[in-house]
Amino acid sequence: MATTSATTFSIGSTVSFGSRGNPLPQSKPFVARFTSPNSLASFSGLKAATYVNCESESSFFGNESSAALRGSFVPEAQKANQKSQNGLQPVASYKVAILGAAGGIGQPLALLIKMSPLVSALNLYDIANVKGVAADLSHCNTPSQVQDFTGASELGNCLKGVNVVVIPAGVPRKPGMTRDDLFNINANIVKTLVEAVADNCPDAFIHIISNPVNSTVPIAAEVLKQKGVYDPKKLFGVTTLDVVRANTFVAQKKNLKLIDVDVPVVGGHAGITILPLLSKTKPSVNFTNEEVEQLTVRIQNAGTEVVEAKAGAGSATLSMAYAAARFVESSLRALDGDGNVYECSFVQSDLTDLPFFASRIKLGRKGIEALIPSDLSGLSEYEEKALEALKPELKASIEKGIAFVQKQPVTA
């Protein structure tokens, strides 16, 4: 075996945008190739670098992210060589918990998060069958230590000291089922889990995946309020999948390089409340009225498309896990001090007359640093009408979530 080897690893991340919401290039993958005999013992057997070559090949990282990482990795690598040939190694220092880790979304999501070099501990919780998932993942040679927690009695320990909590727990959609049909089951699950988060890691970023997100995020907010620990900057409804789908479908329709496409998606996370702003697509592209209608409807109904294709065998678990992993990586980058992290998310908002609204946000170490209003300026006539049309349904879903908690006070 050669004394000097070249090894490549890919890490997921997010789209980055300039200040005031001006888009920078769409997220591209970051691939760091380390070529040096120095050992990087604690991270996947990679070799430390005298230089770092950043290429765009796959996954989530964009040009800006690559440039930022290039700027941080290269000086550190040079410094290490100048001092004592010490190895360069990414610092894994964040603790992530997945609640519902044995489910259809939880398992692939856990695998993707296990691949992140920023995660030092990955806690997996479920009411059953999580021990085997943790054992399986623990064999992957990435930095994070995996632990499993089963049942309500172990939930508190799972959440101690956690930086990011991801909640995909709940029942999946089945053929003929609307997101609203899920409400009665999943609402109580989210309420119970968020109560535990409030008691054990109230400062953590909370990512809500459990549907219907338009109601479960307000449920989480009310629970946290009643517990006296609500920080609207740290509660997120994960709507990243709507953006991922919009980017994919537009690229296919217009024969564009997928890596270059970015479509902001606002509103909510169900049916007509999902509003892709096709007029804001980057790179700029023209759509016929028919194309706008077709694309909007497909993006709104994409979840149903998967449910029907799986014919009762599940819902959109893999794409949801991918999108959720991207949002987790974005949060970790923000916590780690990256000042250029932007995503779309369903959050407490004053951009419209609704208390919660999905839009582009800027993430920082303390959570949401800013809501980005520019996407809502200069909308097309179609988008203006669609925005007004979605508001009554979204308002009703938000109010339904709030009323659920107010009727069932949280556990002290």
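The values are calculated or read from the model by the stated rules, or taken from the named source; none is laboratory data. The structure presented is a predicted model; accordingly, all values stated were derived computationally and were not measured. Methodologically, a virtual Cβ is constructed for each residue, glycine included, from the backbone with ideal geometry; neighbour enumeration extends over all protein chains shown. For accessibility, only protein heavy atoms count, side chains too; no ligands or nucleic acids. Shrake-Rupley method; radii C 1.70, N 1.55, O 1.52, S 1.80 Å.
The single condition from (1) assigned to a helix (DSSP H, G or I); (2) surrounded by 13 or more Cβ atoms within 10 Å (Cβ to Cβ) that Leu122 fails is (1).
Somewhere in region 170-188, is a residue crowded, with 24+ Cβ neighbours inside 10 Å and in contact with a Leu (Cβ under 7 Å, 6 or more places away or on another chain)? Within region 170-188, not a single residue is crowded, with 24+ Cβ neighbours inside 10 Å and in contact with a Leu (Cβ under 7 Å, 6 or more places away or on another chain).
Is it the case, given these coordinates, that Ser215 is open to solvent by less than 70 Å² (accessible area, probe 1.4 Å), farther than 13 Å from Leu99 by Cα, polar (S, T, N, Q) and free of Cβ contacts under 8 Å to residues at least 40 places away in the same chain?
On the way: open to solvent by less than 70 Å² (accessible area, probe 1.4 Å): yes; farther than 13 Å from Leu99 by Cα: yes; polar (S, T, N, Q): yes; free of Cβ contacts under 8 Å to residues at least 40 places away in the same chain: no.
So Ser215 fails the test.
Quick check on region 379-412: of everything there that is in a helix (DSSP H, G or I) and among the β-branched types (Val, Ile, Thr), which residue is nearest to Val265 (Cα to Cα)? First the steps, then the outcome.
Kept after step one, since they are in a helix (DSSP H, G or I), are these residues of region 379-412: 381-407.
Narrowing further to those that are among the β-branched types (Val, Ile, Thr): 398, 402, 405.
Values: Ile398: 18, Ile402: 24, Val405: 28 Å.
Filtering first and then ranking leaves Ile398.
Does at least one position in region 251-260 carry a residue that is modelled with pLDDT under 95, charged (D, E, K, R), open to solvent by 10 Å² or more (accessible area, probe 1.4 Å) and in contact with a strand residue (DSSP E or B) (Cβ under 9 Å, 6 or more places away or on another chain)? Yes - at least one qualifying residue is present in region 251-260. Can you pull out every residue in region 397-412 that is closer than 16 Å to Leu182 by Cα and among the polar types (S, T, N, Q)? Matches in region 397-412: Ser397 only.
Being under 25 Å from Gln408 (Cβ atoms), β-branched (Val, Ile, Thr) and either open to solvent by less than 10 Å² (accessible area, probe 1.4 Å) or within 18 Å of the chain's Cα centre (by Cα) (or both) is a property that does not hold for Val263.
The residue that is surrounded by the fewest Cβ atoms within 10 Å (Cβ to Cβ), among those in region 71-119 that are farther than 19 Å from Thr142 by Cα and modelled with pLDDT of 95 or more, is Gly104.
Condition check: in contact with a strand residue (DSSP E or B) (Cβ under 7 Å, 6 or more places away or on another chain), within 26 Å of Lys114 (Cβ to Cβ) and hydrophobic (A, V, I, L, M, F, W, C). Does Ala316 satisfy that?
No; evaluated as a whole, the condition is false for this residue.
Each row is one residue, and each column tells you yes or no for (1) within 20 Å of the chain's Cα centre (by Cα); (2) at positive phi; (3) among the aliphatic types (A, V, I, L, M).
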| position | (1), (2), (3) |
| --- | --- |
| Tyr125 | yes, no, no |
| Asn129 | no, yes, no |
| Asp148 | no, no, no |
| Gly151 | no, yes, no |
| Lys160 | no, no, no |
| Asn200 | no, no, no |
| Asn211 | yes, no, no |
| Glu222 | no, no, no |
| Val229 | no, no, yes |
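Of all residues in region 333-346, those that are among the small types (Gly, Ala, Ser) have Cβ atoms under 8 Å from Cβ atoms of residues that are part of a helix (DSSP H, G or I) and modelled with pLDDT of 95 or more, 6 or more apart or on another chain, in Ser345/Thr240; Ser345/Phe327. Within the set Ser284, Ser210, the sole residue that is in a loop (DSSP other than H, G, I, E, B), open to solvent by 10 Å² or more (accessible area, probe 1.4 Å) and of a type in the set (Gly, Ala, Ser) turns out to be Ser284.
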